[in-house]
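Participant: Below you'll find the structure I mean.
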Amino acid sequence: MTTTPSILRGNFPAFQSQTIYPDPVVAFWITYATMFLDAGRWGAALDFGLQLFVCHNLSLEFNANSAAKKGQNPGFVVGPVTAGSVDKVSYSRDPSAAFAPDAGHWNLTIYGLRYWKLAQMMGAGPVQVGVPSLTDVSMSQGAWPGPFPTGIY
C-alpha cells in the first residue's frame, strides 16, 4: 500500500481538516518520509511508520503555525507542561511514563513516540558484510567458510 493524504486522513482522523492540513503539505511530508524509511527493513510496517512520521511532523508544524499566528516565534521548541497553577490551585504531571530518554524531538508528540518505538523494533539488527548471494554455487556445499576461499583460517 502507498500512503496518500486521503489514506493518512482515514487512518488518523485528527488530521481530517484540509484547511489546517492542506493536501500539498501532507504530500510534502509523505515524500520527505519516504526518503528516510527503508522499505526492505520496515516491510509490512512501512506505511504505518511513514504515517506516524508524517503525523508527528504535521503536529509540530501546527504548533509552529499557531505560534506564528499569535506573533510568537514559530521555531521555538515547547516541551510538555509538567506543572502549573491558577490562583490557589496547582497541578503537575510526570511525563516520564511516556518519555523515551534517547528519542529527542520524537518525545514532543504521541505520534513521534509511537514512531520511535516502532523504529526501535525495526532497528539495525545483525548485518553481515560480504556474504555471497544465495545464487552463489559455493553455498550449495554447506555453510559459507568465511572470507578465505581456500578454507584456511
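Participant: Are there any pairs, at least 6 apart or on different chains, whose C-beta atoms fall under 6 Å, with the first in the range 15-40 and within 16 Å of L52 (Cβ to Cβ) and open to solvent by less than 80 Å² (accessible area, probe 1.4 Å) and the second aromatic (F, W, Y) and assigned to a helix (DSSP H, G or I), and if so, which?
Facilitator: Taking only residues 6 or more apart or on different chains, the pairs are Y21/F15; A33/F53.
Participant: Then there is this: Of the residues that sit in the range 51-64 and are open to solvent by 40 Å² or more (accessible area, probe 1.4 Å) and either in contact (Cβ under 8 Å) with a residue 40 or more places away in the chain or under 17 Å from the mean Cα position of the chain (by Cα) (or both), which one is farthest from D38 (Cα to Cα)? Can you show your working first?
Facilitator: Here is the first cut: in the range 51-64, the residues open to solvent by 40 Å² or more (accessible area, probe 1.4 Å) are 60-63.
With either in contact (Cβ under 8 Å) with a residue 40 or more places away in the chain or under 17 Å from the mean Cα position of the chain (by Cα) (or both) added as a condition, the list becomes 60-62.
On the way: L60: 23, E61: 24, F62: 27 Å.
Here the answer is F62.
Participant: Tell me the residue from F28, F53 that is in a helix (DSSP H, G or I), under 14 Å from I110 (Cα atoms) and of a type outside the set (D, E), please. So that I can check it myself, show each step before the final result.
Facilitator: Values: F28 fails: under 14 Å from I110 (Cα atoms).
On inspection, the qualifying residue turns out to be F53.
Participant: Let me ask something else about it. Restricting to the range 81-105, count the residues that are at pLDDT below 80, within 17 Å of H56 (Cβ to Cβ) and open to solvent by 90 Å² or more (accessible area, probe 1.4 Å).
Facilitator: Final tally of qualifying residues: 1.
Participant: Take the conditions over 21 Å from the mean Cα position of the chain (by Cα), surrounded by fewer than 16 Cβ atoms within 10 Å (Cβ to Cβ) and either at pLDDT 95 or above or not acidic (D, E) (or both) and apply them to G10. Does it pass?
Facilitator: no
Participant: Applying the selection to the range 31-50, what residues are of a type in the set (A, V, I, L, M, F, W, C) and assigned to a helix (DSSP H, G or I)?
Facilitator: Filtering the range 31-50 for residues of a type in the set (A, V, I, L, M, F, W, C) gives 33, 35-37, 39, 42, 44-46, 48, 50.
A33, A39, W42, A44, A45, L46, F48, L50, listed by residue number.
The values are calculated or read from the model by the stated rules, or taken from the named source; none is laboratory data. In this text the structure is predicted, and so the values were computed from the model without any measurement. Positions of Cβ are generated from backbone atoms using ideal geometry, with glycine treated the same way; all protein chains shown enter the neighbour counts. In case anyone asks, the SASA skips ligands and DNA or RNA and just uses the protein heavy atoms, side chains included. Shrake-Rupley method; radii C 1.70, N 1.55, O 1.52, S 1.80 Å.
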